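The values are calculated or read from the model by the stated rules, or taken from the named source; none is laboratory data. Computed from a predicted structure; not experimentally measured. Cβ atoms come from the backbone with ideal geometry, glycine included; neighbour counts cover every protein chain shown.
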């Protein structure tokens, strides 16, 4: 059975050469802030109306899903949701033919405990102490900016990732 995972954070630089498939999801926003006080070394996907984000699709087996579940800390740190995805570019034709209902992929999202215990508190602190950074994090995709800065080869290989969605 083929399983598709939507990678939107650290999975991109780790897997883009094996899976050069760019896709977009709607209704979610990637958030990232790298400050020592508020930040995490990786992004989160949060539900946000009228938002979208691009990432890569990883075509996996059950064993591959189990590996990524462990890597992502599922189910304690991250949960996962099956979401519809729009394929933007599949440079090597790795995806099976498009099903009638379109493609769906697993998306790792903050678990309930991560969201309520960590993110909510961080957001509240940021709003009080550094509103400008909070607004920037919510308006811009600072993770994509970091990837472009840190991985110029990624920009060259998958320029579709870096188009405003």
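Of all residues in the stretch 134-147, exactly one satisfies the criterion of being within 23 Å of residue 72 (Cβ to Cβ) and without any contact (Cβ under 8 Å) to a residue 24 or more places away in the chain, namely 145.
The residues of the stretch 77-86 that are more than 13 Å from residue 103 (Cβ to Cβ) and either assigned to a strand (DSSP E or B) or in contact with a strand residue (DSSP E or B) (Cβ under 7 Å, 6 or more places away or on another chain) (or both), listed by number, are 78, 79, 80, 81. Here residue 131 passes the criteria (1) without any contact (Cβ under 8 Å) to a residue 24 or more places away in the chain; (2) closer than 18 Å to residue 5 by Cβ except the one numbered (2). Take the stretch 107-128 and flag every residue that is in contact (Cβ under 8 Å) with a residue 60 or more places away in the chain and surrounded by fewer than 14 Cβ atoms within 10 Å (Cβ to Cβ). The one that is in contact (Cβ under 8 Å) with a residue 60 or more places away in the chain and surrounded by fewer than 14 Cβ atoms within 10 Å (Cβ to Cβ): 125.
Against the list (1) part of a loop (DSSP other than H, G, I, E, B); (2) within 16 Å of residue 11 (Cα to Cα); (3) touching a residue at least 60 places away in the same chain (Cβ under 8 Å), the condition residue 74 fails is (3).
Test of understanding: among 60, 156, 132, which residue is surrounded by fewer than 14 Cβ atoms within 10 Å (Cβ to Cβ) and closer than 20 Å to residue 13 by Cα? So that I can check it myself, show each step before the final result.
Values: 60 fails: surrounded by fewer than 14 Cβ atoms within 10 Å (Cβ to Cβ); 132 fails: closer than 20 Å to residue 13 by Cα.
So the residue among 60, 156, 132 that is surrounded by fewer than 14 Cβ atoms within 10 Å (Cβ to Cβ) and closer than 20 Å to residue 13 by Cα is 156.
Within the stretch 16-35, if we keep just the residues that are outside any strand (DSSP E or B) and within 18 Å of residue 138 (Cα to Cα), the residue that is modelled with the highest pLDDT turns out to be 32.
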